[in-house]
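Trainee: First, the structure itself, so that you have it in front of you.
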Amino acid sequence: MKPSIPRGTRDFGPAEMQKRQYIFNIVKTNFQLFGYAPIETPSMENISTLTGKYGEEGDQLIFKILNSRIHESKDDKKELLKKEFNSSLEKSYNSDLLTEKALRYDLTVPFARYVVMNNHAMTYPFKRYQIQPVWRADKPQKGRYREFYQCDADVIGSNSLINELELIAMMDKSFSELNIPVIIKFNNRKILSGIAEILNASDKIIDITVAIDKLDKIGKDGVIKELQEKGILETAIKQLEPLIDLSGSNDNKVNTLKTFLATSEIGKKGIEEIEFLLNNLKTLEIKHINIELDITLARGLNYYTGTIFEAKANAGTFTPSILGGGRYDDLTGIFGLKGLSGVGISFGIDRIYDVMEELALFPESVNKVSTTKILLANFGEAELIHCLGIVSKLRTEGINAEVYPDVVKKISKQFEYADKKQIPYVGVVGSNEMNQNTIMLKNMEQGTQKEVTTDELISILKEI
RNA sequence: GUAGAUGUAGCUCAGUUGGUUAGAGCAUCGGUUUGUGGUACCGAGGGUCGAGGGUUCGAGCCCCUUCAUUUACCCCA
């Protein structure tokens with residue numbers, strides 16, 4: 001049988017993991033630098049925890065888990081199971097009899113669930129980070145996987161826009177360290193609500209936001225066409241046009257919005273929030289990222305209510321969104337805990353990897369398959385045992401070292417091994433070296449070699 | 001769900017209007033070299049051409065069915 005893995009999933013070899021961990025480490029270090037503490041939640045949640053949080057489309061993408069041991073059910077229950085199965089073949093339908101668990105779709109909803117369950121022991125505002133895989137039953141394609149990692153940082157239990165500012169600072173620092181040219185787009189759901197209110201189409205707010213969100217992709221005409229198809233009135237579309245055309249500096253955009261939304265309370269609140277962010281950006285000393293107010297940014301997730309963020313690479317041909325986030329005023333409300341506002345962002349590490357690969361942004365140091373500094377080659381059983389003592393000393397000094405564990409006929413095989421693993425030094429210990437307590441040290445890159453003592457070896461390897 | 005592309009050696013792919021025993025590069029193993037890798041040369045192993053059916057004297061190639069992979073739409077990290 002030919003082995004395979006489920007579509008949309010991937011294996012990661014040592015070379016890829018080296019680079020992935022490089023990204024993880026930078027993101028994680030910055031999370032901690034800004035005061036976030038780690039948590040983890042289970043891969044699976046009760047299905048009722050997840051459904052209804054991601055919109056109709058999102059619900060369809062949740063990976064459901066078939067209840068275990070259903071074959072052991074009693075006969076009358078089996079009849080019921082068959083009926084339930086037939087119903088779910090007809091329409092989208094969750095039956096607890098068939099499936100009561102599902103794989104997590106993101107990290108934010110499980111986090112909200114965690115907060116509600118641990119409310120008694122929580123210190124607010126609570127800042128947590130979480131780096132775990134999530135699963136989506138999407139059709140895989142470029143940059144879209146069925147299993148991928150999210151790196152989330154959220155603060156819950158604080159209304160302050162300072163949190164948004166700090167998140168921006170953290171994005172700047174992280175992307176700057178990763179060396180990815182990035183454009184951060186932001187918007188505010190209150191603006192979108194305000195627009196819908198002004199257009200007298202509050203019930204169509206989702207259709208409107210989804211349509212203008214596509215501006216980049218399908219152009220102005222495409223957006224207008226979609227709005228028409230969704231049954232938005234011509235007069236409303238006419239009214240909306242100046243906003244679709246909106247360009248220029250962030251301040252210009254704010255001014256236009258101010259006139260447009262003058263009679264909408266919620267719209268004015270949104271502008272106020274945006275102005276607060278823009279006015280205080282200067283003190284953050286943003287060095288790396290570009291920040292742009294983009295009122296066409298909508299983002300699909302249902303639970304956002306205030307600021308929304310999205311980041312894309314600002315170079316290369318592969319530019320999917322690599323970070324998303326925003327403020328949700330009442331995510332815990334559905335789990336029975338009212339009045340907790342939260343805001344957070346999520347780095348999409350798999351796409352960040354793809355972008356960095358395309359732009360060749362990984363530093364030389366992680367562009368190799370192994371971190372081993374030296375391989376000790378051996379000529380036989382006695383030398384091998386002798387080498388064990390040497391690597392032990394090296395490891396005590398914090399030097400990554402390994403011995404070739406087998407006695408082989410040809411020494412060249414051991415050099416080949418070191419070469420393939422890109423190990424920079426090979427130490428050869430034959431009977432001569434063993435008797436004199438030395439090592440023949442070969443620099444694999446230069447091809448030179450010299451005989452050294454263990455102490456000399458340690459000081460040489462410590463320098464690289 | 002809709003539409004397109006692709007399935008040939010472990011991997012990446014050639015394979016002409018349908019014609020003898022299906023090829024290359026890389027990888028693997030062995031040798032040139034029993035104390036020296038990455039370069040070079042010589043050799044070896046490895047294939048039910050995704051699966052099933054059909055047309056034909058003859059099918060990797062044409063037709064039908066099916067499965068898988070992949071790209072785009074929708075939506076999204």
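The values are calculated or read from the model by the stated rules, or taken from the named source; none is laboratory data. Note that the coordinates shown come from a computational prediction; the quantities given were computed from them, not determined experimentally. All Cβ positions, glycine included, derive from the backbone under ideal geometry; neighbour counts span all protein chains shown. These area figures cover heavy atoms from the full protein model, side chains too; ligands, DNA and RNA do not enter into them. Shrake-Rupley method; radii C 1.70, N 1.55, O 1.52, S 1.80 Å.
Trainee: Beta carbons within 10 angstrom, averaged per residue: use that to sort the peptides A:149-156, A:395-402, A:242-249, highest first.
Mentor: Result, highest mean Cβ count within 10 Å first: A:149-156, A:395-402, A:242-249.
Trainee: Next question, about the same structure. Once both axes come from the Cα atoms, what is the angle between helix A:108-117 and the longest principal axis of chain A, in degrees from 0 to 90, rounded to 10?
Mentor: Compared with the principal axis, the helix lies near 80 degrees.
Trainee: Using θ = phi - 60° and the Karplus relation 6.51 cos²θ - 1.76 cosθ + 1.60, list the HN-Hα couplings for the range A:283-292 in order, rounded to whole Hz, with x at every Gly or Pro.
Mentor: Karplus values, whole Hz, x for Gly and Pro: 5, 6, 6, 5, 10, 10, 8, 9, 10, 9.
Trainee: Got a number for the accessible area of A:Asp203? Probe 1.4 Å, square angstrom, nearest 10.
Mentor: Counting only protein heavy atoms, the figure is 130 Å².
Trainee: Quote to one decimal, in nm, the extra length available between A:Ile218 and A:Glu100 on full extension: 0.36 nm per residue of separation minus the C-alpha distance between them.
Mentor: Between A:Ile218 and A:Glu100, full extension yields 38.5 nm more.
Trainee: How far apart, in nanometres, would the label points at A:Glu234 and A:Ala360 be if each is projected 7 angstrom from Cα along the Cα-to-Cβ direction?
Mentor: Each label point lies 7 Å from its Cα, and together they span 5.6 nm.
Trainee: What figure in square angstrom, to the nearest 10, would you give for the accessible area of A:Tyr93 with a 1.4 Å probe?
Mentor: 80 Å²
Trainee: So how much slack lies between A:Glu40 and A:Thr123, counting 0.36 nm per residue of separation and subtracting their Cα-Cα distance, in nm?
Mentor: Separation in residues times 0.36 nm, less the Cα-Cα distance, equals 28.1 nm.
Trainee: Rounded if a/c is under 1.5, else prolate if a/b beats b/c, else oblate: with a ≥ b ≥ c from the C-alpha gyration tensor eigenvalues square-rooted, which is the range A:408-464?
Mentor: oblate
Trainee: Going 7 Å from the Cα of A:Ser158 in the Cα-to-Cβ direction, what parts of the range A:18-39 have a backbone nitrogen less than 12 Å from that spot?
Mentor: A:34-37
Trainee: Can you give me the convex hull volume of the Cα atoms of the range A:270-370, divided per residue and expressed in Å³?
Mentor: On the way: hull volume 16.6 nm³, N = 101.
Output value, Cα hull per residue: 164 Å³.
Trainee: Could you work out the percent of alpha carbon pairs in chain A separated by over 33 Å, rounded to a whole number?
Mentor: On the way: 56166 of 107416 pairs.
When every Cα pair of chain A is considered, 52 percent fall beyond 33 Å.
Trainee: Can you pull the one-decimal nm distance between simple spin-label points at A:Phe85 and A:Asp59, each 7 Å off the Cα toward Cβ?
Mentor: Simple spin-label model gives 2.4 nm for this pair.
Trainee: For chain A, what % of the accessible area comes from carbon and sulfur atoms, probe 1.4 Å? Could the numbers behind the result be given before it?
Mentor: Values: 11790 of 23640 Å².
Carbon plus sulfur share of accessible area: 50 percent.
Trainee: Taking Cα centroids, how far is the range A:1-42 from the range A:181-213 in Å?
Mentor: 33 Å
Trainee: What area, in nm² and to one decimal, does the C-alpha convex hull of the range A:201-280 cast on average over all directions?
Mentor: With every direction weighted equally, the projected area is 5.6 nm².
Trainee: In a solvent-free Debye calculation with one equal scatterer on each Cα, what is log10 I(q)/I(0) for the range A:153-228 at q = 0.13, 0.21 Å⁻¹, listed in the order of the q values?
Mentor: -0.62, -0.97
Trainee: Here is a further query. Taking the simple approach of a point 7 Å from Cα along Cα-to-Cβ for both A:Ser92 and A:Arg7, what is their distance in nm?
Mentor: So the label points at A:Ser92 and A:Arg7 sit 2.0 nm apart.
Trainee: Would you please classify the overall shape of the range A:311-363 from the alpha carbon gyration tensor, given that a ≥ b ≥ c denote the square roots of the eigenvalues, rounded means a/c under 1.5, and beyond that prolate means a/b larger than b/c while oblate covers the rest?
Mentor: The shape class here is prolate.
Trainee: Run down the aspartates and glutamates and flag those whose C-alpha is under 12 Å from the C-alpha of A:Lys287, throwing out any fewer than 8 positions away in its chain.
Mentor: A:Asp172, A:Glu177
Trainee: To the nearest 0.05, what FRET efficiency results for A:Glu381 and A:Thr29 with a Förster distance of 56 Å applied to their C-beta separation?
Mentor: My answer for the efficiency is 0.80.
Trainee: Something else about it: Going 7 Å from the Cα of A:Asn279 along its beta-carbon direction, which residues of the range A:148-190 have the amide nitrogen within less than 15 Å of the resulting point?
Mentor: From the range A:148-190, the list is A:161-162, A:165.
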